[in-house]
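A.B. asks: A single structure is presented below for examination.
Quick note: the coordinates plus some simple rules give every number you see, no bench work behind them. It should be emphasised that the depicted structure is a prediction, and the values quoted were computed from it without experimental measurement. Neighbour counts are summed over all protein chains in view; Cβ atoms, including those assigned to glycine, are modelled from backbone coordinates with ideal geometry.
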């Protein structure tokens, strides 16, 4: 997937960009997991074998090993199939199909852990959160058979239940669960149970899409189809307060209301952030509003929510689903625009509606109808366990050697060796600074055997490729590994 960077100004936070491209139509390129740099070039890409498979929520987290007493940076993501018509119509659109899982990879891109759900639930693509206790909190989904006639749906229907689950990563055991159907009345949903005709008779009243953990043992969850965010005490399971929806405990100030929201997070003080999709398919004549990042202050004494900062895009975007708002280390905010092919970084001051260029530091667009459920900027150091790649071809009496190393973040330069046979590659015939994902290094040497070395900023060799041979039979160039 080729990313087009439309804005790049000084002052962005350090780190690479993490997305998981897929499409609800025709994907451009491949689905998979992608780490990109600020220029839009790939740093690491892990493709999937089918467009019916998706990755979501690719990001850097810290894995705390409770048994070893260690902590290490890791990559995490969900992998599976999402119910996207017309391929999958057995569940409401956006629900996880059975068979998915969560992956934890180390800095060498090796699998550390695979995590599954319990109680007959399926791992849900919306959230996978590692804790300092050596556990993982995630959302799990299951279609529970239910008579929906009392809600305006079919008698022999089903309800898509959402559950918060927590698994001990050392033992794989379930240590906590919280079932939304037991605590929230589905009748308060903004999605009608009559919509089940297009989803195999399954109603999705909740659509839980994020979990965040507070410092006092409380969890913050977002339920898109309820237009509500809930705070509940983990020890008792009791909901402390509800923000938004039909039974909100708060009133809203100007520009503070939200619809179909995603990615609710605790912020310092009495603030929370989210991505307000703001549209679409509004019930009961509710007006649409532009999608945007939103930070709210909660006045618990007066039970009022006010907008502290907002982050809008130019051109204005109306994203029906997905999206994220991430606080960055330098005070900036990184916005993933969900079902629109953009991701952006803004200075912390933010902007207002129809002033989307104000505070904008970085903006990039994915091709076609490609989207990413969330987008993140994280700092990551990748040292692949596999070697670099090399290829060589003749060009106008010279040779061009191509060097790449999928996932290496410390490679700053390439060194090219050549020789008359695979065992005699002691002569350095080319050197070049790393130039994007693949670097072309021209040389007058005809080899015909070549090899590349990846060098770090001090000139130290990080890795060495296999040997490739330049072959011009029948006027064609064929790269052979030895």
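A.B. asks: For an R0 of 25 angstrom, estimate the FRET efficiency from the Cβ-Cβ distance between residue 155 and residue 247 and round to the nearest 0.05.
C.D. replies: In this case the efficiency is close to 0.40.
A.B. asks: With a Förster radius of 51 Å, plug the Cβ-Cβ distance of residue 119 and residue 270 into 1/(1 + (r/R0)^6) and report the FRET value to the nearest 0.05. Intermediate results must be reported in sequence, preceding the final value.
C.D. replies: On the way: r = 34 Å, r/R0 = 0.67.
Rounded to the nearest 0.05, the efficiency is 0.90.
A.B. asks: Send over the per residue convex hull volume for the stretch 389-481, Cα only, as a whole number of Å³. It would help to have the intermediate numbers written out before the result.
C.D. replies: On the way: hull volume 8.3 nm³, N = 93.
Dividing the Cα hull volume of the stretch 389-481 by its residue count gives 89 Å³.
A.B. asks: Another question, if that's okay. Could the peptides 178-185, 341-348 be put in order, highest first, of the mean number of other beta-carbon atoms found within 10 Å of their residues?
C.D. replies: Sorting 178-185, 341-348 by mean packing, highest first, produces 341-348, 178-185.
A.B. asks: Could you let me know the centre-to-centre spacing of the stretch 1-43 and the stretch 331-396, using Cα atoms, in angstrom?
C.D. replies: 4
A.B. asks: Specify the inter-centroid distance of the stretch 106-122 and the stretch 439-460, based on alpha-carbon positions, in whole Å.
C.D. replies: 38
A.B. asks: I've got another one for you. With an 8 Å Cα cut-off and a minimum separation of 6 or more residues, compute the relative contact order for the stretch 389-481 in percent.
C.D. replies: 31
A.B. asks: Within 10 Å, count the other beta carbons around each residue, average over each peptide in 187-194, 317-324, and list them highest first. Write down the numbers at each step before the final one.
C.D. replies: Values: 187-194: 17.6, 317-324: 23.2.
Ranked by mean Cβ neighbours within 10 Å, highest first: 317-324, 187-194.
A.B. asks: Please compute the modelled spin-label separation between residue 70 and residue 215, points set 7 Å along Cα→Cβ, answer in nm with one decimal.
C.D. replies: Distance between label points: 3.0 nm.
A.B. asks: Another question, then. Report the gain in length on full extension from residue 61 to residue 424: 0.36 nm times residue separation, minus Cα-Cα distance, nm rounded to one decimal.
C.D. replies: Taking 0.36 nm per residue and subtracting the Cα distance, the gain is 126.3 nm.
A.B. asks: What percent do you get for the relative contact order of the chain when only Cα pairs under 8 Å and 6+ apart count?
C.D. replies: After rounding, I find 12 percent.
A.B. asks: Determine, from the Cβ-Cβ distance of residue 329 and residue 240 and an R0 of 30 Å, the FRET efficiency 1/(1 + (r/R0)^6), rounded to the nearest 0.05.
C.D. replies: On the way: r = 30 Å, r/R0 = 0.99.
FRET efficiency, residue 329 to residue 240: 0.50.
A.B. asks: Give me the base-10 log of I(q)/I(0) for the stretch 114-173 at each q in 0.17, 0.22, 0.30 Å⁻¹, Debye formula, one uniform scatterer per Cα, rounded to two decimals.
C.D. replies: So the normalised log intensities work out to -0.61, -0.81, -1.18.
A.B. asks: Describe numerically, in nm with one decimal, the distance between label points set 7 Å from Cα along Cα→Cβ at residue 8 and at residue 355.
C.D. replies: With each label point 7 Å from Cα toward Cβ, the separation is 2.8 nm.
A.B. asks: Can you pull the one-decimal nm distance between simple spin-label points at residue 412 and residue 254, each 7 Å off the Cα toward Cβ?
C.D. replies: 5.1
A.B. asks: Take the Cα pairs of the stretch 298-375, get the Kirkwood Rh, then feed it into Stokes-Einstein at 4 °C and 1.567 mPa s and tell me D in µm²/s. Numbers along the way, then the final one.
C.D. replies: Values: Rh = 13.3 Å.
This corresponds to a translational diffusion coefficient of 98 µm²/s.
A.B. asks: Using only the Cα atoms of the stretch 1-110, build the gyration tensor, take square roots of its eigenvalues as a ≥ b ≥ c, and label the shape rounded, prolate or oblate: rounded if a/c is under 1.5, else prolate if a/b is larger than b/c, else oblate.
C.D. replies: Cα axes put the stretch 1-110 in the oblate bin.
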